[in-house]
Amino acid sequence: MRYSYFLLVIFCLMFSKTYSQKDCGTELPLNYASERAKFQQLLASSTLLPHDTCLNKKLSIVFYIFLDSLGNPGVSAANLTTCINNLNKYFKPICVKFENCSTKYIPEHEYNKWDKPNHEFKITGNNNYYTDKTINIYLVDVILTPGGNGYAYMPGSSKDLIVLRKSALTTLTPVHEMGHFFGLPHTFAEISTNLSDGPSSEVVIRTNCTTNGDGFCDTDADPWPTGSSTAACGFTYGPKDVNNNYYMPPVDNIMSYWSCRCRFTQEQYNWMAYMYVTLRNYLH
């Protein structure tokens with residue numbers, strides 16, 4: 001098993017990237033733990049989503065690009081295409097396809113240094129720069145608040161938007177944020193009590209994987225940032241959980257902060273499909 005683990009790590013090196021302490025500013029909604037509990041009950045009582053579910057959906061994205069003081073967008077059409085292609089690659093297992101419905105340019109260059117509390121409503125409120133029932137992606141130079149390379153709103157928030165740094169557009173950050181958009185927490189999240197980004201109380205042996213950590217049993221317990229490193233794949237072997245077992249974190253998982261991110265797991269795909277069917281099925 002360990003041999004196959006390291007083979008996967010080597011395979012994922014082609015996508016390797018070192019991530020900052022706070023790569024993403026997405027927050028878990030207050031009802032997240034209860035929604036997860038209901039889903040676990042459904043799984044226990046039926047054959048709901050035993051494997052990949054084909055949603056057969058094409059979803060529209062509207063890109064809103066803030067121009068700089070000289071009127072330059074800072075991203076190209078090729079960059080947008082790369083973003084769409086990456087999204088389509090990773091959401092193909094549940095038959096979700098994205099398309100660039102429209103690209104709109106916003107001349108208010110002061111919003112390029114994005115401050116969520118002061119800027120978000122001014123831009124999206126009253127449908128100023130917001131398209132109903134589509135996925136709205138805003139591209140800025142810097143995200144001052146909440147920081148990081150991007151953030152998204154999870155299902156049930158009544159907001160269908162993602163904010164991204166322009167420099168992250170062609171990386172896997174848009175895929176990571178789209179994972180949040182369809183309900184995925186970080187792999188190091190703790191859903192049992194404080195609904196926060198850790199520290200996770202999930203243990204290496206899968207005894208509390210449905211109620212602690214990120215709530216998924218096929219994503220390994222993640223001690224982030226304990227054991228973090230700038231080395232290849234970003235993990236220094238050594239940290240142990242409360243049972244004295246060594247962590248083997250999901251360095252390859254897209255919802256982690258480790259540097260070999262290249263996949264979602266089966267349970268993550270099932271949850272995203274469930275979130276679309278129950279909370280985001282109005283998107284077109």
Taking a straight Cα-to-Cα line shorter than 26 Å from Lys113, and setting aside same-chain lysines fewer than 8 residues away, one finds Lys17, Lys22, Lys104, Lys122, Lys159, Lys166
Of segment 165-198, those with amide N under 17 Å from the point 7 Å along the Cα→Cβ vector of Tyr237 are none
For Glu108 and Leu30, what does the FRET efficiency come to when R0 = 51 Å and r is the distance between their Cβ atoms, rounded to the nearest 0.05?
0.95
Length-normalised contact order of segment 186-263 in % [C-alpha pairs under 8 Å, at least 6 apart]:
25 percent
Taking R0 as 41 Å, what FRET efficiency do you get between Lys122 and Lys97 from their Cβ-Cβ distance, rounded to the nearest 0.05?
0.80
Would you grab the residues whose amide H sits under 5 Å from the one on Ile162? Only those 5+ places off in sequence or on another chain, please, with H modelled 1.01 Å from N.
Asn136, Ile137, Tyr138
Using a 10 Å cut-off on Cβ atoms, rank the peptides 141-153, 84-96, 232-244, 256-268 from the highest mean neighbour count down.
256-268, 141-153, 84-96, 232-244
Hey, can you grab everything whose amide H is under 5 Å from the amide H of Ile106? Only 5+ residues off in sequence or another chain; H modelled, so Pro and N-termini drop out.
Ile65, Phe66, Leu67
Cβ under 12 Å from Ile84's Cβ, Ile84 left aside: what net charge do those residues give with Lys, Arg +1 and Asp, Glu -1?
+2
Spelling it out for Lys97: with amide H atoms placed in the peptide plane at 1.01 Å from N, the residues 5 or more places away or on another chain with amide H under 5 Å from its amide H are Lys57, Lys58, Leu59
Quote the relative contact order of segment 109-184 in percent (integer), defining contacts as alpha-carbon pairs under 8 Å separated by 6+ residues.
29 percent
So what's the gap between the Cα centers of segment 146-212 and segment 241-284, to the nearest angstrom?
8 Å
Quick one: grab the alpha carbon gyration tensor of the chain, order the square roots of its eigenvalues as a ≥ b ≥ c, and give me rounded if a/c is under 1.5, else prolate or oblate depending on whether a/b is larger than b/c.
prolate
Over the chain, what relative contact order in percent results from Cα pairs under 8 Å that are six or more residues apart?
22 percent
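Every read-out reported here was derived from the displayed coordinates using simple, explicitly stated rules and does not represent laboratory data. Every value quoted in this text rests on a predicted model; they were computed, and no experiment measured them. Glycine also receives a Cβ, built like all others from the backbone with ideal geometry; neighbour counts cover every protein chain displayed.
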